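So the structure is just underneath, and the comments pick up after that.
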Amino acid sequence: MQRKTLSAAGGAAALLAIGGGLLLARSSRPHGAADDAPGRTARRSRFGDYAVVGKTVTIMKPSRDELFAFWRDFTNLPAFMDNLDMVELLGDDRSRWTIRAPGGGTVSVETRIAEEKPGRIIAWRSVEGSDIDTEGRVRFSDAPGGGTEVELVIAYIPPFGRAGQAVAKLLQREPAIQARRDLRRFRMLMETGEIATSERRLETEEKA
Amino acid sequence: MRALCYHGKQDVRVDTVPDPEIVNPRDAIIQITSTAICGSDLHLYDGVIPAVAPGDVLGHEFMGRVVETGPHSTLRKGQRVVVPFVIACGACYFCGKQQFSACDNSNPVDKQEMSETLYGSPMAGLFGYSHLTGGYAGGQAEYVRVPFSDVGPVVIEDDGLDDDKVLFLSDILPTGWMAAENAEIESGDVVAVWGAGPVGLFAAQSALIMGAARVIVIDHYPHRLALAKGLGAEIVNFRETDVREALLEMSGGRGPDAVIDAVGMEAHGFSVDNMLDIAKQKVGIGADRASALKQAILAVRKGGRLSIPGVYGGMTDKFPLGALMEKGITLRTGQTHVQKYTNKLLAMIAEGKIDTTFLISHRLPLEAAAEGYANFKNHQDDYTKIVLKPGMES
């Protein structure tokens, strides 16, 4: 299969710019966008073969650098990313992510760091041969009223195309839902040291 | 343990359910000594609040003794605590602004989405209420799990302050206080309060403490109106009196400076549109009945303040938006930021400046809870406030 890489699609920078207005200045946003909203909030959510989702939360503590450091250690991600089973570090900038897929199985994605600006940006990209073609970027910036705005943007080719995307949505494993929930769990974990649950007992939580 | 569980519309029962456990590090388990039935529990009982499931343990006004603590709880076993009905983390953007009932972190993420769809923003977690607010088990039970126990619970050091004096710090006392605060009461104000239920009575009491010159309470239950009178308020019975006319005449023809809707979504009223709203609510097409609110908007003076502590859950029909705009009314509302007020109000109780015990009409064992709900609903004049005592012999 001819795997269409993001560089082939015009480069990660451009794609994520569509997703989040991250790298490119707003004035150079593609498609003649007429307002200042992030591109991912456009009424269409697909750009070429890629679906782009993204969410932002404001986190009051700890500091931006500490938030960055926690995220940068990818082995921490399963603590708040619900569909992430496990992350193994393979080297400085490579890691293998085991992801729970819609329908019960798991898929394995090897990622490498595509961009890193300490305290500000971490971007990762699946390497060739992974089960999923995806890239993600998290950006940490100072909120105007204090705290840190954390923006997560994920671009991916939905497995099995649009039909697959619809099934995933039904199972609530769709990346847009996951991104929102994962970011909120990240905020809970960072601000409160725990993730809220209304379970009354431990074992019922484990079953869920 | 024994707990009051929701089974369906006007069907609640005391069942045996598993005891709660420490689930998260900041949790505590409280053994309930007193727990009240709230007017908003009747909204659940009547099935007009969405996302309540069979088996849900109700109750959001409770206090008791700490029997277990998680590793990050600051409570100690044996302490007596009153627990705010709003669950708040104390650390998020909203808690930082003391807007505790807007806490971002207390409602589990999957439950946040329901209220986000309905309201545009996710709600905080509340005890014993809808799954829109987390589906947390409530306190009409022998035990309850209290998350973020280092933030909410108010420790009552003085054993001389018995439960009846401090229990209402959990909800209705701060709710009445915040209602008056939202009405921006100034000395010399004429204030009208719709609803002589617990929140309306505490709002009236608070308005008087804040310096209102006249507080007028509107209801139709004679006993409840008598309680208002006992607090130093004046009373208007809407079954006998033209409310707007009376309020105008009692405020020099201007209209009250501030009005408080302490009735909410199940208002009684005789107007045609309220009857229509009742019919819609009965067949489950869900418009909130808002006749008290509509009346308050028409009655308040131009440039006046409207405070809404009454509970609304969805949409309302024929809202007098024109009157709101043209008269330049300021509107403030919200679930109570309980944690913001508890210490101040506890001090006022301890100093004898606020009494809450006048409200309690019945004390019942937990086992009689279902009967309590039915009586509270059907005999509102006599049953002003029921406090359930799980330790009491049935």
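A few points about this structure:
- When only the Cβ of Lys, Arg, Asp and Glu is charged (+1, +1, -1, -1), the dipole of chain B relative to its Cα centre reaches about 580 debye.
- Computed [θ] at 222 nm, helices only, for chain B once each DSSP H run of length n ≥ 4 contributes -39500 (n - 2.57): -8000 deg cm²/dmol
- Fluctuation leader among B:TYR136, B:TYR93, B:TYR373 - chain B, Gaussian network, Cα springs under 10 angstrom: B:TYR93
- Antiparallel bridges, percent of DSSP beta bridges restricted to the protein assembly as shown (to nearest 5): 75
- Using alpha-carbon coordinates, inclination of helix B:198-209 to the longest axis of chain B, degrees: 70
- Max mean-square fluctuation residue, GNM over chain B, Cα-Cα springs under 10 Å, options B:VAL12, B:VAL57, B:VAL144: B:VAL12
- Cα pair distances in the range B:24-136, grouped into 5 Å bins until the bin that holds the longest one, percent each: 2, 12, 18, 22, 22, 15, 7, 2, 0
- 26 Å Cα-Cα threshold exceeded, pairs from B:LYS77/B:LYS389; B:LYS229/B:LYS385; B:LYS229/B:LYS389; B:LYS294/B:LYS389; B:LYS9/B:LYS229; B:LYS77/B:LYS385: B:LYS229/B:LYS389; B:LYS294/B:LYS389; B:LYS9/B:LYS229; B:LYS77/B:LYS385
- The trypsin sites (Lys or Arg not before Pro) of the range B:55-90 that DSSP puts in a loop, and whose beta carbon has at most 16 other beta carbons within 10 Å, are B:ARG76, B:LYS77.
- Antiparallel %, DSSP beta bridges [both residues in chain B], to 5: 55
- Mean separation of Cα contacts under 8 Å, 6 or more apart, over the residue count of the range B:1-121: relative contact order %: 21
- Amide hydrogen neighbours beyond the local backbone of A:LEU84, cut-off 5 Å, H modeled: A:ARG100
- Phi angles across the range B:307-323 convert, under the Karplus curve 6.51 cos²θ - 1.76 cosθ + 1.60 with θ = phi - 60°, into 3J(HN,Hα) values of 10, 10, x, x, 8, 10, x, x, 10, 10, 9, 6, 7, x, 5, x, 5 Hz, Gly and Pro given as x.
- Global size of the range B:173-333 as Cα Rg and Dmax, reported in angstrom: 14.5, 45
- Neighbour counting of Cβ atoms within 10 Å sorts the residues B:CYS89, B:CYS5, fewest neighbours leading, into B:CYS5, B:CYS89.
- With a 10 Å cut-off around each Cβ of B:109-120, the average count of Cβ atoms from other chains is 3.
- Semi-axis lengths, Å, the protein assembly as shown, gyration tensor of Cα atoms, sqrt of 5 times eigenvalues: 48, 28, 22
- Those GluC sites (Glu not before Pro) in the range A:128-159 that DSSP places in a loop and that have at most 12 other beta carbons within 10 Å: A:GLU128
- As a proxy for reagent exposure, B:LYS385, A:LYS117 were ordered by neighbouring Cβ count within 10 angstrom, fewest first; the result is A:LYS117, B:LYS385.
- Relative contact order for the range A:54-193: 29 percent, from Cα pairs under 8 Å spaced at least 6 residues apart, divided by residue count.
- All-pairs alpha carbon distance profile, chain B, 20 Å steps from 0, percent: 29, 61, 10, 0
- Fluctuation leader among B:GLU61, B:GLU240, B:GLU249 - chain B, Gaussian network, Cα springs under 10 angstrom: B:GLU240
- Using only the C-alpha atoms, the convex hull of the range A:54-193 corresponds to 103 Å³ per residue.
- Neighbour counts of other Cβ atoms within 10 Å put A:PHE80, B:PHE238 in the fewest-to-most order B:PHE238, A:PHE80.
- Average projected area [Cα convex hull, the range B:138-252], square nanometres: 9.5
Since every read-out is calculated from the coordinates, none of them should be taken as a lab result. Note that the structure is predicted; figures quoted are calculated from it, not measured. As a convention, Cβ positions derive from the backbone with ideal geometry for all residues, glycine included, and neighbour counts pool all protein chains shown.
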